[in-house]
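Worksheet: one structure, shown below.
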Amino acid sequence: MSVQTGSTVGHFMHRYLEVVPPETTIVEAAERMREKRLGSLLVESTDAEGRMTRESGIVTETDLIRKVLATGIDPSLTMVDQIMTSPLLTIAPDRPMLDASHLMETNHVRYLCVSDKDEIVGVISVRDLARYFVDSEGGPVHDLDNVYRPLSLLMHQTLETIASERTVLEAAQTMAEKRIGSLLVIEAGEMVGIVTETDVVRKGMATHLPAGSTKVASVMNHPLIQIDINRTVRDASRLMAEERIRHLAVTENNKVVGIVSVRDLVKMVSVRDKPRFLRQP
């Protein structure tokens, strides 16, 4: 398979690196994520020439939820180097975007660091994959006959929920236990919103709200952003980008019947090229 111009990781990666020292506390990391509107931070480790290397680490919103908040560890006393993932999972800038997708899917991550000659030069996220696969006019989505298939084929029909009066700590523990990034919020028998890892980190942890007593209603996204089940994959991707979110409630006849994430949108195109990827060294 030939690589199209502009279809490589280097074309879509973010060259700006938000880096924190290893002694940064989890609360400080959450504050930085909120300030910069980021879902991950690199943890500093440099070579003799001052370049970021693969031996550095990365800490994500998921780490803050699953490794700290859900386990009861004090985020003000815990440092990022205690929970970071290291060494970094990397990909070269000249590799195809499909390869980045397969690496993320295989390793269950949303971010990859881009390494050129052993130096970290950028970061690529699952949102960047969606920009290429789904939004880009030259992306591989145009090669697929089923690009406009109903969202029912991609969405998760099992709806994980939490009551609005439950605590942020309980939401974090549920997300960690089920290994998911969001919960639909129920109030008086109705779905009124959604709470995500991003909400818990930016609206809870970063603002020093006590997770054990703060209600989910205080940090959830409301109203619930929805998309009709008959809309296209491209419609879903664009709505997520416009609203700066990673999850959408899917509705049929004005009733929520599923949830779809940005990662789900990417899966539909990455799987077709998996055999070629697996043959590479």
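Please compute P(r) over all alpha-carbon pairs of the stretch 151-267, binned at 10 Å starting from zero, and give each bin as a whole-number percent.
For the stretch 151-267, the pair-distance distribution reads 14, 47, 31, 7, 0.
By per-residue mean of other Cβ atoms within 10 Å, what is the highest-first order of 171-177, 192-198, 73-79, 218-224?
192-198, 171-177, 218-224, 73-79
Just to be sure I understand the model, the point goes 7 Å from the Cα along the line to the Cβ. What's the resulting Leu239 to Ser76 distance in nm?
Each label point lies 7 Å from its Cα, and together they span 4.1 nm.
Kindly write out, for the stretch 248-262 in residue order, the coupling ³J(HN,Hα) from the Karplus curve 6.51 cos²θ - 1.76 cosθ + 1.60 (θ = phi - 60°), rounded to whole Hz, with x marking Gly and Pro.
10, 7, 9, 10, 9, 6, 6, 10, 6, 10, x, 9, 10, 10, 4
State the percent of C-alpha pairs, over all pairs in the stretch 9-142, separated by a distance greater than 26 angstrom.
Roughly 24 percent, once rounded to a whole number.
Net charge around Glu165, counting only other residues with Cβ within less than 13 Å of its Cβ (Lys, Arg = +1; Asp, Glu = -1)?
Spelling it out: positives minus negatives among the neighbours equals 0.
Just to verify a number: FRET efficiency for Glu190 and Ser152, C-beta to C-beta distance, R0 = 22 Å, to 0.05?
E(calc), rounded to 0.05, equals 0.50.
At 7 Å along the Cα-to-beta-carbon direction for both Asp118 and His14, put a label point, then send me their distance in nm to one decimal.
2.8 nm
Could you check the simple spin-label distance between Glu35 and Glu160, using points 7 Å along Cα→Cβ, in nm with one decimal?
Each label point lies 7 Å from its Cα, and together they span 3.1 nm.
For the peptides 201-208, 162-169, what is the packing order when you average, over each peptide's residues, the other Cβ atoms within 10 Å and list the highest mean first?
Most protected by this proxy first, the peptides run 201-208, 162-169.
Determine the relative contact order of the stretch 151-267: mean sequence separation of Cα pairs under 8 Å and six or more apart, normalised by residue count, in whole percent.
30 percent
Please list, in order along the stretch 160-174, the HN-Hα scalar couplings obtained from phi with the Karplus expression 6.51 cos²θ - 1.76 cosθ + 1.60 (θ = phi - 60°), rounded to whole Hz, x for Gly and Pro.
In residue order, the calculated couplings are 8, 10, 8, 6, 4, 8, 6, 8, 4, 4, 5, 5, 4, 5, 5 Hz.
Just so you know, all these numbers are worked out from the coordinates, no wet-lab data involved. Bear in mind the structure is a predicted one, so any value in this text is a computation, not a measurement. Here the Cβ is made from the backbone with ideal geometry for all residues, glycine too, and neighbour counts use every protein chain on show.
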